[in-house]
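Shown next, in structure tokens, is the structure this report addresses.
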Amino acid sequence: MAIKVYKRNTAGRRNMSVVKPEQISRTTSEKALTKKMNYKAGRSAGKISVRHKGGRVKRLYRQIDFKQNKFEIPGKIAAIERDPNRSALIALIAYADGEKRYVIATHGMKVGQQIIAATNAPIEEGNRVQLTNIPSSTVISNIELTPGKGAQIIRSAGSSAMLMAIEDGYAQIKMPSGEVRLINAKAFATIGQISNFEHSAVKIGKAGRARHMGKRPAVRGSAMNPVDHPHGGGEGKQGVGLKYPKTPWGRPALGVRTRKKSKKSNSLIVKSRHKK
């Protein structure tokens with residue numbers, strides 16, 4: 001894994017950087033596992049419905065196998081690629097029966113490595129195992145919340161969780177946020193940390209590169225007029241002038257909890273991330 005920092009030839013290049021993972025083995029995708037993406041650019045009937053989105057370069061969607069339900073069938077990693085739709089790298093798995101699938105790559109995956117998904121698979125990097133058969137203190141990722149539904153959490157670059165204990169049919173999982181959560185012990189998880197952990201260190205460098213990613217400019221509320229934003233108006237640079245920051249529509253913007261007190265999964269949280 002290496003971060004390339006560009007020379008300061010121009011203002012846009014100053015401190016601009018890209019990640020060049022050593023794991024990547026090819027730059028082309030498997031044609032049979034890609035499909036066209038419909039991108040609405042944050043507009044509905046020509047009007048902006050989602051702000052700050054639009055104008056990105058075309059890209060194909062890689063069909064990721066989040067379920068990895070080819071149990072007891074060994075697979076060989078044929079290639080490791082970059083996916084433009086996610087921060088993590090993806091691995092092309094060639095199974096013994098001839099089928100190929102994409103999965104989210106873990107940090108230690110290499111081309112030619114054998115992996116397998118099974119209820120009681122070996123505790124090795126990249127293998128997918130049922131939580132009840134994973135030793136405590138093991139680093140895991142691509143975790144199911146509901147058995148059979150496929151990986152739903154811990155899927156972004158560099159993320160990982162830790163299996164704390166298993167009790168009464170539930171696994172205690174420590175999340176990256178510090179939250180300890182109960183998950184059905186029959187659910188599956190992948191051994192290891194998600195790949196491309198240096199993704200967060202990248203500096204975009206210039207506005208044009210952000211536009212290629214589909215990110216449109218975001219104007220500060222304090223730079224607007226009072227008619228356009230609650231923070232607007234006034235001469236020169238100054239504070240918000242309110243009890244708390246607000247959105248353009250007058251709702252609280254920071255420090256307000258949005259999780260419903262009656263949410264069903266609240267009973268599965270052993271330790272909140274808000275309590276140290």
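Coordinate-derived values only; no laboratory data. From a predicted model like this one, the values you see are computed outputs, not experimental measurements. Counting neighbours? That spans all protein chains shown, and the Cβs are built from the backbone with ideal geometry, glycine included.
If you filter region 208-220 down to residues that are assigned to a helix (DSSP H, G or I) and touching a residue at least 12 places away in the same chain (Cβ under 8 Å), you find that the one that is farthest from the chain's Cα centre (by Cα) is GLY208. Among residues of region 181-202 being part of a strand (DSSP E or B) and buried (at least 19 other Cβ atoms within 10 Å of the Cβ), the one that is nearest to the chain's Cα centre (by Cα) is ILE194. Kindly evaluate ARG86 against the criterion of being under 21 Å from GLU22 (Cα atoms), among the basic types (Lys, Arg) and under 19 Å from the mean Cα position of the chain (by Cα). When the stated conditions are applied, ARG86 passes them. The number of residues in region 113-140 being part of a strand (DSSP E or B) and farther than 20 Å from GLU167 by Cα comes to 5. Taking region 203-212 as the range and being surrounded by 15 or more Cβ atoms within 10 Å (Cβ to Cβ) and not charged (D, E, K, R) as the test, the residues that pass are ILE204, GLY205, ALA210. Condition first: touching a residue at least 12 places away in the same chain (Cβ under 8 Å), part of a loop (DSSP other than H, G, I, E, B) and touching a Ser or Thr at 6+ places or on another chain (Cβ under 6 Å). Can you find one or more residues in region 221-239 that meet it? Yes: one or more hits.
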